[in-house]
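Accompanying notes for the structure given below.
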Amino acid sequence: MMKSRNTKANNLEAVRKWALKQFSLGDSSIHGPDHWERVYENGVMLAGKTPGADVRVVKLFSLLHDCRRENNNYDPDHGRRAAEELEQINGSLLHLSDIQLELLVQACSGHADGITSSNPTIGCCWDADRLELPRAGIKPRAQFLSTAAARNLI
Ligand SMILES: [Fe+2]
Ligand SMILES: [Fe+2]
């Protein structure tokens, strides 16, 4: 997905590299880069089926939401730690509007809180991550999914 010469794709590669630098749990972590890649694919697919979803924000969420995890188990504030970085790197790395930045901050902050969102962009972010729950032996449940597109898949 990120090998194109397209400027946006190259920028995503720069974001991925930045996220990898933040990430301390190693490439084979269940919350690491392989997971980010699958969340990316899920998110692009869900955003394509969800009117009003901002796919740019969803793509960035996939790369950034777990980058500040400090362990592979119980770490309820890891999304809020990731969100704290975003304002600082916007302008240099992210190039988001104020509205997009706010959506990305909210999506990262709350993604591990077990709630749903009626906002199409945040919903696609959280569902893209939750469709990945089977990697931890957990079946995604409709009541914890925000989008019809994701509920239709389980
Ligand atoms: Fe997470
Ligand atoms: Fe995740």
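Quote the FRET efficiency, to the nearest 0.05, computed for HIS95 versus GLU41 with a Förster distance R0 of 22 Å and r equal to the Cβ-Cβ distance. Show your work: numbers first, answer last.
Working: r = 23 Å, r/R0 = 1.03.
After rounding, the FRET efficiency stands at 0.45.
How do VAL44, VAL15 rank when sorted from fewest to most other Cβ atoms within 10 Å of their own Cβ?
On the way: VAL44 17, VAL15 20.
By the 10 Å Cβ count, ascending: VAL44, VAL15.
How many lysine pairs does the chain hold where the Cα atoms are under 22 Å apart and the two sit 8 or more places apart or on different chains?
Lysine pairs, 8 or more places apart or on different chains, close enough: 11.
Considering only DSSP states other than H, G, I, E and B, which GluC sites (Glu not before Pro) in the stretch 15-99 qualify as loop sites with at most 15 other Cβ atoms within 10 Å? Write out the running numbers ahead of the final one.
Values: sites: GLU37, GLU41, GLU70, GLU84, GLU85, GLU87; in loops: GLU70.
Here the GluC sites (Glu not before Pro) that fit, given the DSSP loop and packing criteria, are GLU70.
Is the stretch 36-108 rounded, prolate or oblate when judged by the Cα gyration tensor, a ≥ b ≥ c being the square roots of its eigenvalues, rounded requiring a/c under 1.5 and prolate requiring a/b larger than b/c? Please report the intermediate quantities before stating the final value.
Details: a/c = 2.05, a/b = 1.19, b/c = 1.72.
Oblate is the answer for the stretch 36-108, as a/c is 1.5 or above yet b/c matches or exceeds a/b.
Which ordering of HIS65, HIS78, HIS111 is given by a fewest-first count of other beta-carbon atoms within 10 Å?
Values: HIS65 28, HIS78 20, HIS111 25.
Ascending number of Cβ neighbours within 10 Å: HIS78, HIS111, HIS65.
With loop defined by DSSP as not H, G, I, E or B, and exposure as at most 15 other Cβ atoms within 10 Å, which is the longest segment of the chain clear of exposed trypsin sites (Lys or Arg not before Pro)?
Values: sites that count: LYS3, ARG5, LYS49, ARG141.
That gives 50-140 as the longest site-free run.
With a cut-off of at most 11 other beta carbons within 10 Å, and DSSP calling the residue loop, which chymotrypsin sites (Phe, Trp or Tyr not before Pro) in the stretch 1-78 qualify? Please list them. Kindly include the intermediate steps, with their values, before the conclusion.
On the way: sites: TRP18, PHE23, TRP36, TYR40, PHE61, TYR74; in loops: PHE23, TYR74.
Those satisfying the criteria are TYR74.
Scale the Cα Rg of the chain by the rule-of-thumb value 2.2 N^0.38 Å and send over the ratio, two decimals.
Numbers: Rg = 14.2 Å, N = 154, 2.2 N^0.38 = 14.9 Å.
Normalised Rg, Cα atoms only: 0.95.
We did not get these values from a lab; they are worked out from the coordinates using the rules stated. No experiment lies behind these values; they were computed from the predicted model shown. Counting neighbours? That spans all protein chains shown, and the Cβs are built from the backbone with ideal geometry, glycine included.
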